[in-house]
């Protein structure tokens, strides 16, 4: 064997023995759970065993308590957290299904009751932020939470509240307004990655005057998407919905956990189908 060929062979062998380069070997410190599949994000429950605890209205200020759902194991470290608001006249029961669905995927989830069922969106946004502050600072699960990785969701006026919360706290990692309602249609200062969910047959928060202009106005958000549910109405987000769940899970994982394993479900975007009327996005890339 020529000396040069021997040198190349030795160099290749040494590289192989040394293992991958630091860039390739570096793990995402926020990655939680096994590699995802379509089946795993569509499942009624994720890989984490969960528990829940009730927070009474008398134990908090700025909102009216709620229910916290959380993974029972801390073997993988701390988790990101999400606060979720119901809509006008609604209670936490209308968004309760998100609790176990999202927590079992590796999040601490707080479904809240608002101070009044009649609270308008901006108040609900303030209450969502108060709920996140309680989670991180005072709750019984605060040691399980990474306070730098937080998000908000909400239905109807709670969805409008999630936009206001994102505008007021740009450090949030994700926002998901669900058939959101707000008198403000333009949100050019929101830089938080935002998934806007609308419903084709919504007559309360019609997509043409709510979800679509919300999405279009997010000019400061480098990552945004618009999911319009096919043949669905305003209340679609208030009961278990696999389409909402799979894209919400993917969005929260991608932006709260910085988990690029979920890019595959967001980019390329899903095509129109019997479940999806339309999907627009900025196609997040690693």
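Label sites at residue 27 and residue 258, each approximated as a point 7 angstrom past Cα along Cα to Cβ, lie 1.5 nm apart. Between the range 79-94 and the range 236-286, the C-alpha centres lie 19 angstrom from each other. Relative to the longest principal axis of the Cα atoms of the chain, the long axis of helix 157-168 makes an angle of roughly 60 degrees.
When 141, 190 are sorted by how many other C-beta atoms sit within 10 angstrom of their C-beta, beginning with the fewest, the order is 141, 190.
Among 234, 210, what is the fewest-to-most ranking by other Cβ atoms within 10 Å? Don't skip to the end; give the middle numbers.
Details: 234 21, 210 25.
By the 10 Å Cβ count, ascending, the order reads 234, 210.
For the pair residue 142 and residue 280 in one chain, pulling the backbone fully straight at 0.36 nm per residue adds 46.1 nm over the alpha carbon distance. Taking a point 7 Å from the Cα of residue 201 along the Cα-to-Cβ direction, the residues of the range 219-238 with backbone N closer than 14 Å to it are 229-237. Label-to-label distance, residue 230 versus residue 38, with points set 7 angstrom from Cα along the beta-carbon direction: 1.4 nm. Rounded to the nearest 10 degrees, the inclination of helix 3-18 to the longest alpha-carbon principal axis of the chain is 40 degrees.
Grab the DSSP H runs of the chain that are 4 residues or longer, score each as -39,500 (n - 2.57), total them, divide by all residues and round the 222 nm result to the nearest 500 deg cm²/dmol. The partial results should precede the final answer.
On the way: 9 runs with 85 residues, N = 286.
Result for the chain, helices only: -8500 deg cm²/dmol.
The residues 70, 226, when put in order of fewest to most other Cβ atoms within 10 Å, stand as 226, 70.
Once the mean 1/r over all distinct Cα pairs of the range 91-213 is inverted, what Kirkwood radius in angstroms do you read off?
For the range 91-213, inverting the mean 1/r across all distinct Cα pairs yields 14.6 Å.
Orientation-averaged projection of the chain equals 17.3 nm² [convex hull of Cα atoms, one quarter of hull surface area].
A short reminder: the numbers here are calculations on the coordinates, not readings from a lab. A quick note: this is a predicted structure, and the numbers were derived from the prediction, not measured. No Cβ is skipped: glycine too gets one built from the backbone with ideal geometry, and neighbour counts run over all protein chains shown.
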